[in-house]
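**Student:** Quick one: the structure is below, and I'll ask about it shortly.
The values are calculated or read from the model by the stated rules, or taken from the named source; none is laboratory data. Just so it is clear, the model here is predicted, and its values are computed rather than measured. Cβ: placed from backbone, ideal geometry, glycine included. Neighbour counts: every protein chain shown. Surface accessibility is based on the protein's heavy atoms, side chains included, excluding ligands, DNA and RNA. Shrake-Rupley method; radii C 1.70, N 1.55, O 1.52, S 1.80 Å.
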Amino acid sequence: MIPGLLDFAGVAVFAVSGALAAGRKNLDLVGVVVIASVTAIGGGTLRDLLMDRHPVFWVARPAYLYVIIAAALATVAWARRFRPPALSLAIADALGLAFFTVSGAQIAEARGLSGVVVVLMGVLTGVAGGVLRDVLSAEIPLVLRKGQLYATAAIIGAIVYLLLQGPIDRTAAALVAMATIAVLRIAAIVWDLTLPVFSLARHERDRHR
């Protein structure tokens with residue numbers, strides 16, 4: 001699966017998640033499109049800037065913007081007709097995380113970068129759009145919420161993609177990596193899977209007793 005297709009899939013589902021987030025904040029149509037756009041292109045833009053890819057992907061191919069606008073407006077129309085499921089935003093975000101993480105990893109890999117940089121670029125591509133969406137929506141970014149398996153899922157997925165390069169072909173490795181990220185993220189939401197939390201508060205309290 002080539003990075004271009006992953007980017008189109010990523011911008012579509014991240015635009016949906018941005019539109020849903022905007023709807024929860026009661027924004028107008030302009031606000032919906034703005035939040036959807038920032039969510040959809042934020043990660044890929046950061047990736048391209050850091051890797052000195054010019055022009056950035058959506059400037060080179062404006063079709064991405066049309067996909068974002070169409071996805072955002074379709075989400076608004078659907079949400080007005082049907083009540084979105086409680087987990088709709090989380091599922092859209094998990095899919096966007098999966099698509100963009102693998103896309104970013106593939107692009108970094110094609111540049112011949114080292115494995116750790118490939119993983120980092122994949123994670124940045126996957127999480128940055130969601131961070132911008134949450135900041136503009138006045139929410140604590142998912143990647144910073146206590147114990148959330150968010151960036152962790154992206155890291156694991158990017159590593160899985162690299163490790164599978166030998167045993168199976170690149171396309172199959174990408175599909176397995178995307179499935180890994182999406183399943184980990186959705187499982188974390190459904191079963192409240194978290195990482196251990198580091199806190200100095202208890203130690204500070206004990207020291208001041």
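**Student:** So which residue, out of Arg111, Arg81, Arg145, gets the largest mean-square fluctuation from a GNM of the chain using Cα contacts under 10 Å as springs?
**Tutor:** Ranking Arg111, Arg81, Arg145 by mean-square fluctuation puts Arg81 first.
**Student:** Another question about this same structure. With a 1.4 Å probe and all protein chains kept in place, how do Glu109, Glu139 rank by accessible area, largest first?
**Tutor:** On the way: Glu109 50, Glu139 80 Å².
Listed by decreasing accessible area, they come as Glu139, Glu109.
**Student:** Kindly report, to the nearest 10 Å², the accessible surface of Ile181 as traced by a 1.4 Å probe over protein heavy atoms only.
**Tutor:** Estimated to the nearest 10 Å², Ile181 gives 0 Å².
**Student:** Still on this structure, please answer the following. Excluding ligands, DNA and RNA, what is the solvent-accessible area per residue of the chain at a probe of 1.4 Å, expressed in Å²?
**Tutor:** Values: 10770 Å² over 209 residues.
On a per-residue basis, 52 Å².
**Student:** Another question, then. How big is D, in µm² s⁻¹, for the chain by Stokes-Einstein at 4 °C and 1.567 mPa s if Rh is the Kirkwood radius over C-alpha pairs?
**Tutor:** Numbers: Rh = 17.4 Å.
Result for D is 74 µm²/s.
**Student:** Then there is this: Can you tell which of Phe14, Phe100, Phe57 shows the greatest fluctuation in a Gaussian network model of the chain with Cα springs below 10 Å?
**Tutor:** Maximum among the listed residues: Phe57.
**Student:** If you stretched the chain out fully between Ala63 and Val135, how much longer would it get, using 0.36 nm times the residue separation minus the C-alpha to C-alpha distance? Each step should come with its number before you reach the end.
**Tutor:** Numbers: separation 72, 0.36 × 72 = 25.92 nm, distance 2.60 nm.
Stretched out fully, the Ala63 to Val135 stretch lengthens by 23.3 nm.
**Student:** Can I ask one more? So if we plug the beta-carbon distance of Arg80 and Leu163 into 1/(1 + (r/R0)^6) with R0 = 45 Å, what FRET efficiency do we get, rounded to 0.05? Show your work: numbers first, answer last.
**Tutor:** Values: r = 44 Å, r/R0 = 0.98.
Computed FRET efficiency for Arg80 and Leu163 comes out at 0.55.
**Student:** Would you mind telling me which residue in Ala22, Ala151, Ala60 has the biggest mean-square fluctuation in a Gaussian network model of the chain, where springs connect alpha carbons within a distance under 10 angstrom?
**Tutor:** Looking only at Ala22, Ala151, Ala60, the biggest GNM fluctuation is shown by Ala60.
**Student:** Report, to the nearest whole %, how much of the accessible area of region 11-128 belongs to carbon and sulfur atoms, 1.4 Å probe, protein only. Write out the running numbers ahead of the final one.
**Tutor:** Working: 3630 of 5270 Å².
Answer for region 11-128: carbon and sulfur cover 69 percent of the accessible area.
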